[in-house]
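Trainee: Take this structure, written in structure tokens, and hold onto it; I'll ask about it next.
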Amino acid sequence: MLLCDIGNTSYHFLKDTLDYKESVQSFDPSTLQERVFYICVNPHAKELVKDLENWIDLSGHVEISRYYETMGIDRVFACEAISDGVILDAGSAITVDRVRDGSFEGGFIYPGVQAMAQTYKNISPVLDYSFNFELDLDKMPKNSRDAISYGYLKTLYNEVMEQNMELFLTGGDAQMFAKIFPHAKIDKTLIFKGMKKIMKKAKLC
């Protein structure tokens, strides 16, 4: 069984226990002959796969009324994977969603690492720094790199910690955020777990 989470920059595949990625710019989905169960947030990629008979869109099998109309399908499937907790998905954008007793209670969207770094750079070239994920968020910064890092990370940190629930980190930048959330559980296959759960409910596997 082959699962695929199609994002803004990559096709993220899971086959058994092996996960791997292909670039959305160069990968041709028609080269795959086996059945692929997928979700997709990329409009261009969706056009490529929608008429391929062996690519099966799982988005129609989820009870979308439990969420909100414009919510990204990747967020929906991540939420389907857990019963209780907060999910921080660190990708092109950062999404934070809360699930309690199996029900989605809401969430918010925050700029991703690269997007926010570019924002600071656009303000002034002297603010062109990488973020310091190892700074002490309990102390006011005394240099420019830590100042922009604090401004970016402290707000997110406070909002997540206020939820007072188990935290799940997923997405490409999850490892970086583990430095400020050391007690969080890192699970980069969380969306795939949600996909498997929906497939089981729909008797697709």
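Trainee: Looking at the stretch 106-126, is at least one residue within 30 Å of Leu2 (Cβ to Cβ), part of a helix (DSSP H, G or I) and small (Gly, Ala, Ser)?
Mentor: no
Trainee: While we're on this one: What pairs come out if I take residues in the stretch 119-134 that are within 20 Å of Ser92 (Cα to Cα) and pair them with residues that are among the polar types (S, T, N, Q) and modelled with pLDDT of 95 or more whose C-beta lies under 8 Å away, six or more apart or interchain?
Mentor: Pairs found: Tyr129/Ser144; Tyr129/Ser149; Phe131/Ser149; Asn132/Ser149; Phe133/Ser149.
Trainee: Which of (1) of a type in the set (A, V, I, L, M); (2) touching a Phe, Trp or Tyr at 6+ places or on another chain (Cβ under 9 Å); (3) at pLDDT 95 or above does Ile123 not meet, given it meets every other one?
Mentor: If we test Ile123 against (1) of a type in the set (A, V, I, L, M); (2) touching a Phe, Trp or Tyr at 6+ places or on another chain (Cβ under 9 Å); (3) at pLDDT 95 or above, just (2) comes out false.
Trainee: Quick check on my filter: what residues within the stretch 91-120 are modelled with pLDDT under 95 and of a type in the set (A, V, I, L, M)?
Mentor: The answer is Ala93, and nothing else.
Trainee: Is there a residue being more than 20 Å from Glu166 (Cβ to Cβ), touching a Gly at 6+ places or on another chain (Cβ under 6 Å) and surrounded by fewer than 19 Cβ atoms within 10 Å (Cβ to Cβ) anywhere in the stretch 92-106?
Mentor: Yes, because at least one residue in the stretch 92-106 is more than 20 Å from Glu166 (Cβ to Cβ), touching a Gly at 6+ places or on another chain (Cβ under 6 Å) and surrounded by fewer than 19 Cβ atoms within 10 Å (Cβ to Cβ).
Trainee: Any residue in the stretch 145-171 that's more than 30 Å from Pro125 (Cβ to Cβ) and polar (S, T, N, Q): show its pairings with residues that are assigned to a loop (DSSP other than H, G, I, E, B) and at pLDDT 95 or above at Cβ separation under 7 Å, as long as the two are six or more apart or on different chains.
Mentor: If the second residue must be assigned to a loop (DSSP other than H, G, I, E, B) and at pLDDT 95 or above, the pairs left are Thr170/Asp187.
Trainee: Restricting to the stretch 28-42, count the residues that are within 19 Å of the chain's Cα centre (by Cα) and assigned to a loop (DSSP other than H, G, I, E, B).
Mentor: Adding up the residues that qualify gives 2.
Trainee: Outside the structural domain of Ile39 (by TED's automatic domain parsing) and out of contact with any Phe, Trp or Tyr (no Cβ under 9 Å at 6 or more places or on another chain): does that describe Val96?
Mentor: Answer is no for this residue.
Trainee: Separate question: Taking the residues in the stretch 43-58 that are in a loop (DSSP other than H, G, I, E, B) and of a type in the set (Asp, Glu) as candidates, determine which candidate is farthest from Ile198 (Cα to Cα).
Mentor: Per the stated criteria, the residue is Asp51.
Per-residue answers, yes or no, for (1) closer than 15 Å to Ile191 by Cβ; (2) free of Cβ contacts under 8 Å to residues at least 60 places away in the same chain; (3) surrounded by 16 or more Cβ atoms within 10 Å (Cβ to Cβ); (4) more than 20 Å from the chain's Cα centre (by Cα):
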position	(1), (2), (3), (4)
Tyr20	yes, yes, no, no
Ser26	no, yes, no, yes
Val49	no, yes, yes, yes
Glu53	no, yes, no, yes
Ile73	yes, yes, yes, no
Val86	no, no, yes, no
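The values are calculated or read from the model by the stated rules, or taken from the named source; none is laboratory data. Everything quoted here is computed from the prediction, not taken from an experiment. Quick reminder, even Gly has a Cβ in these numbers, built from the backbone with ideal geometry, and neighbours come from all protein chains shown.
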